[in-house]
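The values are calculated or read from the model by the stated rules, or taken from the named source; none is laboratory data. Just so we're clear, the structure is a prediction, and the values are computed from it rather than from any experiment. Cβ coordinates were reconstructed from backbone atoms using ideal geometry, including for glycine residues, and neighbour counts include every protein chain displayed. Protein only, heavy atoms only, side chains kept; ligands, DNA and RNA dropped before computing areas. Shrake-Rupley method; radii C 1.70, N 1.55, O 1.52, S 1.80 Å.
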Amino acid sequence: MKVLKFGGTSVGSVNSILSVKKIVEAIEEPVIVVVSALGGITDKLLATSSMAAKGDVGYEREFSEIITRHLDVIQGVIPDKMQRIEVQKKVMSLLDELGNIFKGVYLINDLSAKTSDTIVSYGERISSLIVSNVIEDAKLFDSRKFIKTLKQFNKHIVDFEQTNQLIKETFNPLPKVSLVPGFISSSTENGEVTNLGRGGSDYTASILATALDANVLEIWTDVDGFMTADPRVISSAYVIDRLTFTEAMELCNFGAKVIYPPTIYPVYHKNIPIRILNTFNPEAPGTYISKEKVKEEGKAIIKGISSINDTCLITVQGLGMVGVIGVNYRIFKTLAKSGISVFMVSQASSENNTTFAVRNADADLAVQVLDEEFALERAQGDMNDTVAEKDLATVAIVGENMKRTPGIAGKLFGTLGSAGISVIACAQGASETNISFVIKHKYLRKALNSIHDSFFLSQYKVLNLFIAGVGTVGGNLLEQIRIQQPKLMEQNGLKLNVVGIANSKRALFLREGLNLENCIDELKKNGEESSPEHLKEEILKMNIFNSVFVDCTATPAVSDLYETLLNNNVSVVAANKVAASSSYSNYIKLKETARHRGVKFLFETNVGAGLPIINTMNDLRNSGDHILKLEAVLSGTLNYIFNTLSAEIPFSKAILMAKEEGYSEPDPRIDLSGKDVLRKLVILAREAGYKVEQEDVKRNLFVPDKYFEGSLDDFWCKVKELDAEFENKRQQLEAEGKRFRFVAKMDKGVCEIGLQTVDSHHPFYELEGSNNIIMISTERYHEYPMIIKGYGAGADVTAAGVFADIISIANIR
Ligand code: ADP
Ligand code: ASP
Ligand code: MG
């Protein structure tokens with residue numbers, strides 16, 4: 001024989017009850033069918049009771065909804081009119097009784113535990129009555145007659161001696177189909193109605209399966225099986241094929257709602273396997289839970305993750321505890337006497353404190369009784385007052401294959417660390433099947449996601465990106481990510497999830513990842529109003545793991561966010577030069593914060609767009625080389641201007657052309673003044689290991705200061721005055737076989753920028769279009785400096801450089 005349990009959603013609607021009928025009627029052997037109340041009814045009965053107890057007449061409306069819900073279901077599931085009327089009559093008579101009880105509660109404004117238990121029992125009594133009339137030849141039983149409970153610490157625990165015997169008597173002979181209400185029971189002592197606790201129908205089914213030696217216990221619910229994590233929190237959770245009883249027990253005890261925790265022990269004891277199946281997808285194989293440990297090749301070492309968000313940590317502490325025998329005995333004896341359940345314990349080997357986890361609701365009582373127990377020691381100063389820290393969450397990772405597999409705790413805590421989550425307490429039993437730890441409640445979702453990602457989805461590493469600035473560079477980057485995404489997933493196991501984008505006015509966020517086909521349009525149409533400050537708040541609020549902030553703006557207010565973001569374990573990739581060229585102390589602080597937090601602060605594109613300059617210098621230095629000198633053409637705009645000057649194209653026209661080609665800054669004076677080159681040189685000198693500020697750089701400018709005063713329009717008028725002079729110089733240079741180059745130099749930390757002429761032997765002579773070039777002289781590259789040359793400007797190469805920085809964070813090489 002088998003025992004099948006159908007949960008609330010499985011009997012919650014007409015269609016689901018018809019599925020139940022189909023599933024049960026297809027079984028040939030005898031079955032016992034245990035049902036819950038119609039989905040949501042237990043909650044509603046409890047809510048209606050408390051309204052009535054508060055004297056809120058609104059309870060009547062709630063109650064009438066309960067009536068309608070049941071009558072509607074009857075109407076849909078029982079086609080035969082005569083039978084339907086009969087069932088309606090019986091159900092209405094139960095509902096009348098219930099109505100009278102509600103009325104009583106309302107009138108006397110009092111709801112005792114006994115009355116509440118009575119009220120809540122109607123859910124299962126009515127659902128079982130209805131379903132027994134739907135399934136062919138089903139015989140209805142009343143579980144209050146054979147599930148018996150005893151009272152212990154205000155809880156009803158099963159009286160197995162009575163219960164097992166009564167079950168054996170009741171189901172002898174065993175009908176083909178028996179229909180049993182789950183959850184409800186009655187007291188051995190006085191026969192009053194009791195229940196097995198929320199979710200208790202699973203337990204009813206387990207008790208029956210055990211007493212009658214069933215072949216299998218089937219729990220039919222609304223998901224395809226036991227999953228690697230709660231699917232409501234982790235959308236990528238998937239079904240686990242097989243679990244051992246121990247693993248299932250560990251996961252349920254830590255909040256995997258799919259099975260009520262006490263369910264497992266009775267069947268485990270008799271070695272009766274459990275199957276978790278989906279009423280809405282009966283073909284799915286589900287999860288098989290048994291004693292056997294099956295090592296599945298290629299499967300994750302841990303089986304699942306579960307969590308309890310209702311956690312309070314209590315700490316009993318004092319130097320007077322060290323080496324004293326019996327302190328823990330007294331702690332746990334005191335808690336047990338008050339009926340407080342402890343679900344995690346951690347004691348440092350110094351014995352100076354014992355920390356344990358209880359539910360928030362038990363916390364105050366626990367503190368009170370422990371303070372009383374240790375009153376004397378506290379008075380003598382041997383022990384401190386008991387401390388409670390509330391609003392925490394406990395997470396457990398579970399799997400029997402963890403046993404003697406090194407590195408799991410390392411991976412777990414490493415993952416949490418890089419997500420910026422600090423562990424407040426942790427425990428691992430010697431059985432090594434469960435590692436539990438306590439964190440702040442606000443980090444729960446992030447912790448579950450990052451652990452799930454690192455243990456179960458190892459075929460994909462996820463980076464979550466926030467991109468600020470979606471103009472030329474940012475827009476190009478989004479497009480490059482869109483095109484490259486499938487390849488990165490397939491070849492490198494990297495998934496880039498763009499979870500937020502922003503321009504100067506608006507922002508758009510989506511935890512699951514934005515659609516890169518249309519997110520910029522979407523931002524313009526439906527983005528929320530935003531500012532750098534708002535952007536920062538949203539990013540911190542999303543509290544997402546493995547995240548990277550990508551700054552494709554040129555705005556100081558955006559670079560001001562880096563420090564907070566880095567401090568919250570968000571890596572930063574900046575095309576924006578403001579931060580790296582700001583004061584030396586700020587630059588160092590950002591780099592140190594990143595290192596301290598184990599995240600990255602990268603800005604390769606600050607110099608030479610996509611050219612690998614900063615990375616190369618870092619590689620040289622990290623391998624023990626010293627950078628002595630740098631000489632470079634770092635302005636694509638200026639180089640373009642000097643390459644474009646000709647007899648036909650005067651200086652002012654060349655500037656205009658650079659602007660039109662998109663090389664120059666919107667205000668080309670920033671390029672002409674050498675400001676842009678200066679910032680780049682400062683960044684390079686710092687990355688070469690020298691402490692340099694912008695003011696330290698000597699400037700030999702070629703456009704006199706007066707051209708930088710006034711408006712941009714003034715500039716366009718005035719700049720023509722320089723054309724003749726430049727044409728003169730140009731002719732002279734042409735005759736000498738030389739060219740203009742705007743050069744940035746650093747010699748052991750001494751920096752200068754300025755216009756220079758180079759002859760045809762100089763490496764800078766042949767430097768086409770807007771290209772950049774840098775010569776790096778080091779101790780190793782001394783006689784012949786290392787040269788890096790190529791496109792030094794342009795949205796696509798800059799975006800590609802930003803992209804490369806992002807990829808380097810994923811470390812997929
Ligand atoms: P029933 O009414 O059938 O007893 P429950 O709501 O008690 O159903 O339990 C099933 C629900 O448990 C699922 O819908 C799912 O949302 C939740 N759940 C939490 N953790 C897990 C997990 N690890 N695997 C499967 N389901 C889980
Ligand atoms: N109906 C009860 C509850 O909602 C028991 C159960 O569904 O298992 O808790
Ligand atoms: Mg349940």
Could you give me the residue pairs with C-beta distances under 9 Å whose first residue belongs to the range 66-93 and is more than 17 Å from residue 21 (Cα to Cα), whose second residue is open to solvent by 70 Å² or more (accessible area, probe 1.4 Å) wherever it lies, and which are 6+ apart or on separate chains? 88/75
Somewhere in the range 90-97, is a residue β-branched (Val, Ile, Thr), open to solvent by less than 30 Å² (accessible area, probe 1.4 Å) and either closer than 25 Å to residue 204 by Cα or part of a helix (DSSP H, G or I) (or both)? yes
Just to be sure I understand the filter: pairs with C-beta atoms under 6 Å, separated by 6 or more residues or on different chains, first member in the range 486-509 and open to solvent by 60 Å² or more (accessible area, probe 1.4 Å), second member not basic (Lys, Arg). Which pairs pass? 492/812; 495/460; 495/462; 495/489; 506/523; 506/527; 506/530
Of all residues making up the range 375-425, the number that are surrounded by 21 or more Cβ atoms within 10 Å (Cβ to Cβ), among the small types (Gly, Ala, Ser) and either at pLDDT below 90 or on the phi > 0 side of the Ramachandran plot (or both): 2
Options 56, 110: the member that is assigned to a loop (DSSP other than H, G, I, E, B) and within 42 Å of the chain's Cα centre (by Cα): 56
State all residues of the range 166-198 that are surrounded by fewer than 24 Cβ atoms within 10 Å (Cβ to Cβ), of a type in the set (Val, Ile, Thr) and within 16 Å of ligand 3 (Cβ to nearest atom); if no residue qualifies, say none. none
Within the range 725-741, is even one residue within 29 Å of residue 788 (Cα to Cα), under 50 Å from the mean Cα position of the chain (by Cα), aliphatic (A, V, I, L, M) and crowded, with 16+ Cβ neighbours inside 10 Å? no
Check off (1) within 16 Å of ligand 3 (Cβ to nearest atom); (2) in a helix (DSSP H, G or I); (3) hydrophobic (A, V, I, L, M, F, W, C) for residue 3 and give me the number that stays unchecked. (2)
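Going through the range 56-89 one residue at a time, which ones are of a type in the set (S, T, N, Q) and closer than 15 Å to residue 134 by Cβ? Even if it seems obvious, please write down each step before you answer.
Filtering the range 56-89 for residues of a type in the set (S, T, N, Q) gives 64, 68, 75, 83, 88.
Within the range 56-89, 75, 83, 88 meet the criteria.
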Turns out the strands (runs of 3 or more DSSP E) fully within the range 487-569 with at least 1 residues that are within 30 Å of residue 679 (Cα to Cα) and polar (S, T, N, Q) are 547-551
Search the range 355-374 for residues being open to solvent by 50 Å² or more (accessible area, probe 1.4 Å) and among the aliphatic types (A, V, I, L, M), and hand back the single one that is farthest from the chain's Cα centre (by Cα). 365
The range 113-152, residues that are of a type in the set (A, V, I, L, M, F, W, C), farther than 30 Å from residue 19 by Cβ and outside any helix (DSSP H, G or I): 150
I'd like the full set of residues that are free of Cβ contacts under 8 Å to residues at least 12 places away in the same chain, within 29 Å of residue 319 (Cα to Cα) and small (Gly, Ala, Ser), limited to the range 374-413. 375, 379
Failed criterion for residue 163 (all others in (1) surrounded by 15 or more Cβ atoms within 10 Å (Cβ to Cβ); (2) within 16 Å of ligand 3 (Cβ to nearest atom) hold): (2)
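Can you tell me which residue among 289, 274 is buried (at least 22 other Cβ atoms within 10 Å of the Cβ), over 27 Å from residue 354 (Cα atoms), within 16 Å of ligand 2 (Cβ to nearest atom) and not basic (Lys, Arg)? Give the steps one after another, and end with the answer.
On the way: 289 fails: within 16 Å of ligand 2 (Cβ to nearest atom).
None of the others qualify; the one that does is 274.
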Which condition does residue 452 not pass, out of (1) open to solvent by less than 10 Å² (accessible area, probe 1.4 Å); (2) in contact (Cβ under 8 Å) with a residue 60 or more places away in the chain; (3) assigned to a strand (DSSP E or B), if it passes all the others? (3)
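In the range 344-353, which residues are over 12 Å from residue 427 (Cα atoms) and either touching a Phe, Trp or Tyr at 6+ places or on another chain (Cβ under 9 Å) or loosely packed, with under 12 Cβ neighbours inside 10 Å (or both)?
Initially, the range 344-353 is screened for residues over 12 Å from residue 427 (Cα atoms), giving 349-353.
Listed by number, the residues that qualify are 349, 350.
When you look at residue 199, is it assigned to a loop (DSSP other than H, G, I, E, B) and within 16 Å of ligand 2 (Cβ to nearest atom), yes or no?
Numbers: assigned to a loop (DSSP other than H, G, I, E, B): yes; within 16 Å of ligand 2 (Cβ to nearest atom): yes.
In short, yes.
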Pull out all pairs, ordered by first then second residue, where Cβ-Cβ is under 6 Å, the residues are six or more apart or on different chains, the first lies in the range 112-125 and is over 17 Å from residue 95 (Cβ atoms), and the second is of a type in the set (Ser, Thr, Tyr) and outside any helix (DSSP H, G or I). 117/194
If I ask for residues that are open to solvent by less than 20 Å² (accessible area, probe 1.4 Å), of a type outside the set (A, V, I, L, M) and modelled with pLDDT of 95 or more, which ones from the range 653-686 would you list? 680, 686
Limited to the range 217-257, what total is found for residues that are in contact with a Phe, Trp or Tyr (Cβ under 9 Å, 6 or more places away or on another chain), at pLDDT below 95 and within 16 Å of ligand 2 (Cβ to nearest atom)? 2
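Among 182, 225, 191, which is the only one that is within 16 Å of ligand 1 (Cβ to nearest atom) and at positive phi?
Working: 182 fails: at positive phi; 191 fails: within 16 Å of ligand 1 (Cβ to nearest atom).
One residue alone meets the criteria, 225.
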Looking at the range 465-473, is at least one residue free of Cβ contacts under 8 Å to residues at least 40 places away in the same chain and loosely packed, with under 15 Cβ neighbours inside 10 Å? no
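Results for (1) acidic (Asp, Glu); (2) closer than 28 Å to residue 450 by Cα; (3) touching a Phe, Trp or Tyr at 6+ places or on another chain (Cβ under 9 Å), shown as yes or no for each residue.
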| residue | (1), (2), (3) |
| --- | --- |
| 305 | no, yes, yes |
| 314 | no, yes, yes |
| 323 | no, no, no |
| 330 | no, no, yes |
| 342 | no, yes, yes |
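Residues are listed down the side, and each one gets a yes or a no for (1) within 14 Å of ligand 3 (Cβ to nearest atom); (2) charged (D, E, K, R); (3) open to solvent by 20 Å² or more (accessible area, probe 1.4 Å):
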site: 200; (1), (2), (3): yes, no, no
site: 217; (1), (2), (3): yes, no, no
site: 237; (1), (2), (3): no, no, no
site: 253; (1), (2), (3): no, no, yes
site: 260; (1), (2), (3): yes, no, yes
site: 263; (1), (2), (3): yes, no, no
site: 269; (1), (2), (3): no, no, yes
site: 309; (1), (2), (3): no, no, yes
site: 313; (1), (2), (3): no, no, no
